[in-house]
Amino acid sequence: TEDQRMWQHAMLLAVTHADNEWRRIPPSIRWKAWIHRFVSQYYFDALSVTMILINMGVVMAIRSDATQAEDDFQTFAGNTLAGWYCLEAFLLIAAMTWEHYWKSGWNKIDFIVALSGAIGLMMPSVYKSGYGAAFRMLRFLRLFKVVQVSKGLRTLFATFLSALPGVVNVACLS
């Protein structure tokens, strides 16, 4: 239908359009320009993806009958990764300005994850309560950043989204 075509086109634009204009225009303030040079490099994106993959490994290693040493490692790794996500968000906001940062849906996801990590760092009792698992699961949203950074995965994700209406139509026929 026409509605499905419009939805498909919107999803394709949302996934394939990466606003990297901010990378070409360094800020005039000296310390922001230094941060801009640092975060504009490919290596910063590679470091971010590496931290995301480490995070996935740490979260997948959580188990209910963990020893005290495993719990201590999980706490240390979780706090370290939460600190990294907060630092990354700060650096990107400083380099891009808030307006450019907040335009991107990917950055909104990153900000929510960084905010949840900051809450966990400032109020560890929240993580020890029943809400801790929900906050840790929020970190899985960072996996979408890998899609943002990798053009091949972005294309695969766009293909998946564009095929979704057809799959729904076939499912409705069954």
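Using a/c under 1.5 as the rounded threshold, could you call the stretch 1-103 rounded, prolate or oblate? The axes a ≥ b ≥ c are square roots of the C-alpha gyration tensor eigenvalues, and prolate needs a/b larger than b/c, oblate otherwise.
Working: a/c = 3.17, a/b = 1.29, b/c = 2.45.
Cα axes put the stretch 1-103 in the oblate bin.
With a Förster radius of 25 Å, plug the Cβ-Cβ distance of L164 and L141 into 1/(1 + (r/R0)^6) and report the FRET value to the nearest 0.05.
Numbers: r = 19 Å, r/R0 = 0.77.
Once rounded, the FRET efficiency stands at 0.80.
Roughly what would the spin-label model give for R23 and F38, points 7 Å off Cα along C-beta, in nm?
About 1.9 nm, to one decimal.
Taking the stretch 41-142, which trypsin sites (Lys or Arg not before Pro) meet the DSSP loop condition and have no more than 14 other C-beta atoms within 10 Å? Intermediate results must be reported in sequence, preceding the final value.
Details: sites: R63, K103, K108, K128, R136, R139, R142; in loops: R63.
In loop regions of the stretch 41-142 (DSSP not H, G, I, E or B), the sparsely surrounded trypsin sites (Lys or Arg not before Pro) are R63.
Rounded, prolate or oblate for the chain? Axes are the square roots of the Cα gyration tensor eigenvalues, ordered a ≥ b ≥ c, and the cut-off for rounded is a/c under 1.5. Please list the in-between numbers first.
Working: a/c = 2.27, a/b = 1.16, b/c = 1.96.
It is oblate, given that a/c is not under 1.5 and a/b is not larger than b/c.
For a label point 7 Å from the Cα of W102 along Cα→C-beta, name the residues of the stretch 66-92 whose backbone N is under 18 Å from it.
The answer is 89-92.
Is it possible to state the helix-based mean residue ellipticity at 222 nm for the chain, with each DSSP H run of 4+ residues giving -39500 (n - 2.57), the sum divided by total residues, to the nearest 500 deg cm²/dmol? What is it?
Result for the chain: -26000 deg cm²/dmol, rounded to the nearest 500.
Any read-out appearing in this document is the output of simple, stated calculations on the displayed coordinates, not a laboratory observation. Predicted, not measured: the structure shown is a model, and the values here were computed from it. Counting neighbours? That spans all protein chains shown, and the Cβs are built from the backbone with ideal geometry, glycine included.
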